[in-house]
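Q: I'd like to ask you about the structure that follows.
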Amino acid sequence: MKNKAAQPPHEQQPEDTPELHRLYADFKDNHLNPLWTQTANLMPPHPKPEAVAHVWDWEALYKMAVRSGDLVPVGRGGERRAIGLSNPGLTGRAYISPTLWAAVQYLGPGENAPEHRHTQNAFRFVIEGEGVWTVVDGDPVRMSRGDLLLTPGWKFHGHQNIATEPMVWLDGLDIPFGKQMDIGFFEFGPEVVSDLSTPDLSRAERLWGHPSIRPLSSLDDEPSSPLPAYRWVHTDAALREQLLLEEEGRDVTLSKGHAAIRFINPTTGKDVLPTMRCQFHRLRSGAKSVSARDVGSSVLQVFEGSGHVTLGGKRYDLKKGDIFVVPSWIEWSVEAAVEKANPYLDLFQFSDAPIMEKLNFAKSV
Ligand code: 1HN
């Protein structure tokens, strides 16, 4: 290799000769690929994601979900009427980031999504509507506005809508990560959900849904939360009280006017799922979050209110239901609009932070 001292090391390349061409052709024929032609790409000085920042408009998503409801049956084979959000930088794949899958799922009145199970972890977040029960390992779990519902890996799950209205919600899964790692197993369950009852609370919530209390019959740590539903009444109260305490002069918020919570697995105090972190943010009218930059990717959905997000220096308007992705190492912050109708900007967030932390790749500034 010629040593051109004036160039940075990663730009040093060999002299272009016929022998070199023959060597490269032999590499190709023998399924080899030399590092020196792609060092800068494989090892950039900081993360340079292929995924790009992007905002999806809820109104447009909702209308297309309704059209899918008219045209596409839900049942065995396709399994779910879920429309994946495809990052414009990850073309051809329904991946919102290299690790995360986000979709809007539509279930019409009276419809039933058959039971199945897979290794991949999943959750649902309900932006509006009611009348759907998701049956997780035989336990019917009510889905209502503002609720976070968990479907940890390998638990059977199906959904039924008993209402006269359709319901649309956000699905989050670790599908891209699982696909890259080749970890996936999948099995069909019953075509109709195994328990058609519609209790207000699932059995697992009756067992696990009491603040900081656990049953003595289950003292072992579990990798995923045994609590299948995190109810809006609790989320809302936790956020409201943070802001009230702040008003009373207590230093309990992330920054002025920015309340935030993490949903946790009651057996460990850690994240609800092994691969995904779920959090919720509330910004008081006019408040702005501290600018953040993290290794790993995040997806957020506006639950209520409006404002804007600054992603990599570009400003995007946000209104109810809009979904945006924050790729790795992209600087971002959100700001709540000053509007009469809504005193807050409420945002649901999920990320791959548990993966980054477990593998010791997490980094934030
Ligand atoms: C799945 O099981 C659901 O259960 C939603 O609602 C989306 C995307 C890919 C693979 C499985 C669900 C999914 C999924």
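The values are calculated or read from the model by the stated rules, or taken from the named source; none is laboratory data. Here the structure is a predicted model, which is why all the values come from computation and not from measurement. Every residue, glycine as well, gets a Cβ built from its backbone with ideal geometry; the counts of neighbours run over all protein chains shown.
Q: So, ARG142, is that one within 10 Å of the ligand (Cβ to nearest atom), touching a residue at least 24 places away in the same chain (Cβ under 8 Å) and at negative phi or not?
A: no
Q: Only one of THR99, THR119 is over 29 Å from ARG282 (Cβ atoms), among the polar types (S, T, N, Q) and under 20 Å from the mean Cα position of the chain (by Cα). Can you tell me which? Before you say what the answer is, go through the steps one by one.
A: Values: THR99 fails: over 29 Å from ARG282 (Cβ atoms).
Among THR99, THR119, only THR119 is over 29 Å from ARG282 (Cβ atoms), among the polar types (S, T, N, Q) and under 20 Å from the mean Cα position of the chain (by Cα).
Q: Which of the residues spanning the stretch 305-360 are among the aliphatic types (A, V, I, L, M) and under 17 Å from ALA260 (Cα atoms)?
A: Taking the stretch 305-360 first, the residues among the aliphatic types (A, V, I, L, M) are 309, 311, 318, 323, 325-326, 330, 334, 336-338, 341, 345, 347, 353, 355-356, 359.
Once the filter is applied, which keeps residues that are among the aliphatic types (A, V, I, L, M) and under 17 Å from ALA260 (Cα atoms), the stretch 305-360 yields VAL309, VAL334, ALA336, LEU345, LEU347, ALA353.
Q: Residue by residue through the stretch 127-138, note down the ones that are in contact with a Pro (Cβ under 8 Å, 6 or more places away or on another chain), crowded, with 21+ Cβ neighbours inside 10 Å and either over 16 Å from GLY172 (Cβ atoms) or without any contact (Cβ under 8 Å) to a residue 12 or more places away in the chain (or both).
A: Here is the first cut: in the stretch 127-138, the residues in contact with a Pro (Cβ under 8 Å, 6 or more places away or on another chain) are 129, 131, 133-134, 136.
Adding the requirement that they be crowded, with 21+ Cβ neighbours inside 10 Å leaves 133-134, 136.
TRP133 - this is the single residue of the stretch 127-138 that is in contact with a Pro (Cβ under 8 Å, 6 or more places away or on another chain), crowded, with 21+ Cβ neighbours inside 10 Å and either over 16 Å from GLY172 (Cβ atoms) or without any contact (Cβ under 8 Å) to a residue 12 or more places away in the chain (or both).
Q: Further question on the same structure: List pairs: first residue in the stretch 155-167 and more than 12 Å from PRO109 (Cα to Cα), second residue acidic (Asp, Glu) and modelled with pLDDT of 95 or more anywhere in the structure, Cβ distance under 9 angstrom, at least six positions apart or on different chains.
A: Here the result reads LYS155/ASP137; PHE156/GLU115; PHE156/ASP137; PHE156/GLU187; HIS157/GLU115; HIS157/ASP137; GLY158/GLU115, each pair linking the stretch 155-167 to a residue that is acidic (Asp, Glu) and modelled with pLDDT of 95 or more.
Q: When the stretch 268-290 is examined, which residues are found to be of a type in the set (Ser, Thr, Tyr) and over 23 Å from ALA362 (Cα atoms)? Before the answer, list the steps.
A: Taking the stretch 268-290 first, the residues of a type in the set (Ser, Thr, Tyr) are 268, 275, 285, 289.
The answer is SER285, and nothing else.
Q: Go through the stretch 195-223 and count every residue that is of a type in the set (Gly, Ala, Ser) and within 27 Å of the chain's Cα centre (by Cα). Show your work before the answer.
A: Taking the stretch 195-223 and keeping what is of a type in the set (Gly, Ala, Ser), we get 197, 202, 204, 209, 212, 217-218.
The next check asks that each one be within 27 Å of the chain's Cα centre (by Cα); those that pass are 202, 204, 209, 212.
Counting residues in the stretch 195-223 that are of a type in the set (Gly, Ala, Ser) and within 27 Å of the chain's Cα centre (by Cα) gives 4.
Q: Quick check: anything in the stretch 321-333 hydroxyl-bearing (Ser, Thr, Tyr) and surrounded by fewer than 22 Cβ atoms within 10 Å (Cβ to Cβ)?
A: At the first step, the residues of the stretch 321-333 found to be hydroxyl-bearing (Ser, Thr, Tyr) are 328, 333.
Right, trim to surrounded by fewer than 22 Cβ atoms within 10 Å (Cβ to Cβ) and you get 333.
There is at least one residue in the stretch 321-333 that is hydroxyl-bearing (Ser, Thr, Tyr) and surrounded by fewer than 22 Cβ atoms within 10 Å (Cβ to Cβ).
Q: So which strands (runs of 3 or more DSSP E) stay within the stretch 136-222 end to end and still have 3 or more residues that are of a type outside the set (Phe, Trp, Tyr)? If you could, list the steps in order and put the result at the bottom.
A: Working: elements: 139-143, 148-151, 157-161, 167-173, 186-188.
Filter on the stretch 136-222 gives 139-143, 148-151, 157-161, 167-173.
Q: Now for a separate question. Taking the conditions exactly as written (over 26 Å from GLY129 (Cα atoms), touching a helix residue (DSSP H, G or I) at 6+ places or on another chain (Cβ under 8 Å) and either crowded, with 17+ Cβ neighbours inside 10 Å or at pLDDT 95 or above (or both)), does PRO98 satisfy them or not? Give the steps one after another, and end with the answer.
A: Values: over 26 Å from GLY129 (Cα atoms): yes; touching a helix residue (DSSP H, G or I) at 6+ places or on another chain (Cβ under 8 Å): yes; either crowded, with 17+ Cβ neighbours inside 10 Å or at pLDDT 95 or above (or both): yes.
It is true that PRO98 is over 26 Å from GLY129 (Cα atoms), touching a helix residue (DSSP H, G or I) at 6+ places or on another chain (Cβ under 8 Å) and either crowded, with 17+ Cβ neighbours inside 10 Å or at pLDDT 95 or above (or both).
Q: I need the full set of residues from the stretch 227-262 which are out of contact with any strand residue (DSSP E or B) (no Cβ under 7 Å at 6 or more places or on another chain) and part of a loop (DSSP other than H, G, I, E, B), in order please.
A: At the first step, the residues of the stretch 227-262 found to be out of contact with any strand residue (DSSP E or B) (no Cβ under 7 Å at 6 or more places or on another chain) are 227, 231-234, 236-237, 240-241, 244-252, 255-256.
LEU227, ARG231, GLU248, GLY249, ARG250, ASP251, VAL252, LYS256 - these are the residues of the stretch 227-262 that are out of contact with any strand residue (DSSP E or B) (no Cβ under 7 Å at 6 or more places or on another chain) and part of a loop (DSSP other than H, G, I, E, B).
Q: Being at pLDDT 95 or above and touching a Cys at 6+ places or on another chain (Cβ under 9 Å), is that true of even one residue in the stretch 173-188? Before the answer, list the steps.
A: Taking the stretch 173-188 and keeping what is at pLDDT 95 or above, we get 173-188.
Of the ones still in play, those that are also touching a Cys at 6+ places or on another chain (Cβ under 9 Å) are none.
No, every residue in the stretch 173-188 fails to be at pLDDT 95 or above and touching a Cys at 6+ places or on another chain (Cβ under 9 Å).
Q: Can you pull out the residues in the stretch 159-178 that are touching a Gly at 6+ places or on another chain (Cβ under 7 Å) and not β-branched (Val, Ile, Thr)? Explain how you work it out, then say what you get.
A: Residues of the stretch 159-178 that are touching a Gly at 6+ places or on another chain (Cβ under 7 Å), as a first pass: 161-163, 165-168, 178.
Of everything in the stretch 159-178, those that are touching a Gly at 6+ places or on another chain (Cβ under 7 Å) and not β-branched (Val, Ile, Thr) turn out to be ASN161, ALA163, GLU165, PRO166, MET167, GLY178.
Q: When the residues of the stretch 74-94 are narrowed to those that are part of a loop (DSSP other than H, G, I, E, B) and within 11 Å of the ligand (Cβ to nearest atom), which ends up nearest to THR275 (Cα to Cα)? Outline the logic, then answer.
A: Within the stretch 74-94, the first condition is being part of a loop (DSSP other than H, G, I, E, B), and the residues that meet it are 74-81, 85-94.
Okay, now just the ones that are also within 11 Å of the ligand (Cβ to nearest atom), so 74, 78-81, 94.
Numbers: VAL74: 28, GLY78: 25, GLU79: 23, ARG80: 22, ARG81: 24, ALA94: 18 Å.
Checking each candidate, the answer is ALA94.
Q: A follow-up question, please. Would you point out the residue of the stretch 148-198, among those that are touching a Ser or Thr at 6+ places or on another chain (Cβ under 6 Å) and of a type in the set (Gly, Ala, Ser), that is nearest to the ligand (Cβ to nearest atom)?
A: GLY184
Q: More than 16 Å from the ligand (Cβ to nearest atom) and either in contact (Cβ under 8 Å) with a residue 24 or more places away in the chain or closer than 18 Å to VAL168 by Cβ (or both): is that true of ALA65 in this structure? Spell out the reasoning first.
A: Working: more than 16 Å from the ligand (Cβ to nearest atom): no; either in contact (Cβ under 8 Å) with a residue 24 or more places away in the chain or closer than 18 Å to VAL168 by Cβ (or both): yes.
Taking the combined requirement at face value, the residue does not satisfy it.
Q: Going through the stretch 289-303 one residue at a time, which ones are surrounded by fewer than 19 Cβ atoms within 10 Å (Cβ to Cβ) and either closer than 20 Å to LEU170 by Cβ or of a type in the set (D, E, K, R) (or both)?
A: The initial filter retains those residues of the stretch 289-303 that are surrounded by fewer than 19 Cβ atoms within 10 Å (Cβ to Cβ), namely 290-293, 295.
Across the stretch 289-303, the qualifying residue is only ARG293.
Q: Please find, within the stretch 97-134, the residue that is nearest to ASN265 (Cα to Cα) out of those that are among the aliphatic types (A, V, I, L, M) and away from the ligand (no atom under 12 Å from the Cβ). Break it down into steps so the answer makes sense when it comes.
A: To start, the set of residues in the stretch 97-134 that are among the aliphatic types (A, V, I, L, M) comprises 100, 102-104, 107, 113, 122, 126-127, 132.
If we keep only those that are away from the ligand (no atom under 12 Å from the Cβ) as well, we get 126-127.
Values: VAL126: 19, ILE127: 22 Å.
Filtering first and then ranking leaves VAL126.
Q: Another question, if that's okay. Could you tell me which of the residues LEU71, LEU32, LEU20 is more than 16 Å from the ligand (Cβ to nearest atom), out of contact with any strand residue (DSSP E or B) (no Cβ under 6 Å at 6 or more places or on another chain), closer than 19 Å to PRO166 by Cα and among the aliphatic types (A, V, I, L, M)? Give the steps one after another, and end with the answer.
A: Values: LEU32 fails: closer than 19 Å to PRO166 by Cα; LEU20 fails: closer than 19 Å to PRO166 by Cα.
Checking each option against the conditions leaves just LEU71.
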